[in-house]
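*Asks:* One structure is given below, represented as structure tokens, and several questions about it will come after.
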Amino acid sequence: MKYQILVLDLDGTLTNSKKEITEPTRKALIEIQQAGRIVVLASGRPINGVAPLAKHLHMDEYGGYMLSFNGARITCCSTGEVVYDRALPDAVIRPVFDAVKTYPGTDIITYTDTEILSGICPNQYTAKESAINRMEVRLVDDFPSALTFPVNKMLIPGDPDTLDILMDQLKTQYHGLLNIYKSEPYFLEIMPQNIDKAYSLRKLLDSLRLNADQMICCGDGYNDVSMIEYAGLGVAMANAQDVVKEAADFITYSNDEDGVLHVIDLFLR
């Protein structure tokens, strides 16, 4: 078969509106792994937000991969080995934090292995990120000083219109140093330069001695566009943002209609 690797975004793609993988889709993903296909979960979530779903799909048994933090870290499910890891420069953390503080109603967060650290004041969008990842939020007194570990990603949750203004400021200030973009209208991602899902998948494919023509990528959000354009078969969900659909080779059913299962039936079975 032409396609050997299936890459799946999580929220809005693999999981339905209840943040669940339906049983028919789960069984199909286990079946194609048993047949030798490689499954990759590619998400903006931290590793602890991805790992339970990987376990549910038995990816530890079949050698799948978790691409977390929008590609800043790649982990092998069967061994736990981190095969790729990129962190933000320490020097940018406090200046970005200081800039965000000037925009009322915004928060800035990052992730430890067990919790979400909030730097300003948790808002409704911080709570959404907490619910998605099933991780508790802890407000810290001095956010930059609290980050004593490599930071793969910072996230700014806030009102979409406010984030548009802040994004323009930060992109101008950190052009060539950071990758800054929205993954959702209310989430502004602060990433290491040149890190997105496509860049990291290229690194993974090289290590597996596969090429993009052998890969299917499915997604629904802004941060999925790069991998959809890069893949041999780029798939947008019916519920995807318009820009994602425009980038795709194929549009499948929505995440509430087993759209991933439809892709498996058409191209991998």
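The values are calculated or read from the model by the stated rules, or taken from the named source; none is laboratory data. Predicted model only: the values in this text are computed from it and were never measured. Virtual Cβ from ideal backbone geometry, glycine too; neighbours counted across all protein chains shown. Note: areas computed on protein heavy atoms with side chains; ligands, DNA, RNA excluded. Shrake-Rupley method; radii C 1.70, N 1.55, O 1.52, S 1.80 Å.
*Asks:* Filtering region 174-206 down to residues that are touching a Phe, Trp or Tyr at 6+ places or on another chain (Cβ under 6 Å) and open to solvent by 20 Å² or more (accessible area, probe 1.4 Å), which residue is farthest from ILE5 (Cα to Cα)?
*Replies:* The selected residue is TYR186.
*Asks:* OK, next. So which of GLU20, GLU61 is within 19 Å of the chain's Cα centre (by Cα) and acidic (Asp, Glu)?
*Replies:* Testing whether each residue is within 19 Å of the chain's Cα centre (by Cα) and acidic (Asp, Glu) leaves just GLU20.
*Asks:* Let me ask another. So, in region 184-232, of the ones that are among the β-branched types (Val, Ile, Thr) and touching a residue at least 24 places away in the same chain (Cβ under 8 Å), which residue ends up nearest to THR252 (Cα to Cα)?
*Replies:* ILE216
*Asks:* Continuing with this model, one more query. Please name all residue pairs, on different chains or six or more residues apart, with Cβ atoms under 8 Å, provided the first residue is in region 85-108 and is on the phi > 0 side of the Ramachandran plot and in contact (Cβ under 8 Å) with a residue 60 or more places away in the chain and the second residue is loosely packed, with under 13 Cβ neighbours inside 10 Å and outside any loop (DSSP other than H, G, I, E, B).
*Replies:* From residues that are on the phi > 0 side of the Ramachandran plot and in contact (Cβ under 8 Å) with a residue 60 or more places away in the chain, there are no pairs.
*Asks:* Follow-up. Might you check whether a residue that is basic (Lys, Arg), assigned to a loop (DSSP other than H, G, I, E, B) and in contact with a strand residue (DSSP E or B) (Cβ under 6 Å, 6 or more places away or on another chain) occurs anywhere in region 122-137?
*Replies:* Within region 122-137, not a single residue is basic (Lys, Arg), assigned to a loop (DSSP other than H, G, I, E, B) and in contact with a strand residue (DSSP E or B) (Cβ under 6 Å, 6 or more places away or on another chain).
*Asks:* So, in region 166-183, of the ones that are touching a residue at least 60 places away in the same chain (Cβ under 8 Å) and part of a strand (DSSP E or B), which residue ends up nearest to GLY105 (Cα to Cα)?
*Replies:* SER183
*Asks:* Quick check on my filter: what residues within region 233-269 are polar (S, T, N, Q) and either surrounded by fewer than 16 Cβ atoms within 10 Å (Cβ to Cβ) or without any contact (Cβ under 8 Å) to a residue 60 or more places away in the chain (or both)?
*Replies:* Once the filter is applied, which keeps residues that are polar (S, T, N, Q) and either surrounded by fewer than 16 Cβ atoms within 10 Å (Cβ to Cβ) or without any contact (Cβ under 8 Å) to a residue 60 or more places away in the chain (or both), region 233-269 yields GLN241, THR252, SER254.
*Asks:* Then there is this: Which of the residues belonging to region 207-225 are closer than 20 Å to GLY259 by Cβ, assigned to a helix (DSSP H, G or I) and either of a type outside the set (A, V, I, L, M) or open to solvent by 40 Å² or more (accessible area, probe 1.4 Å) (or both)?
*Replies:* TYR222, ASN223, ASP224
*Asks:* Is at least one residue of region 196-205 within 21 Å of TYR222 (Cβ to Cβ), in a loop (DSSP other than H, G, I, E, B), basic (Lys, Arg) and touching a Gly at 6+ places or on another chain (Cβ under 8 Å)?
*Replies:* Scanning region 196-205, I find no residue that is within 21 Å of TYR222 (Cβ to Cβ), in a loop (DSSP other than H, G, I, E, B), basic (Lys, Arg) and touching a Gly at 6+ places or on another chain (Cβ under 8 Å), so the answer is no.
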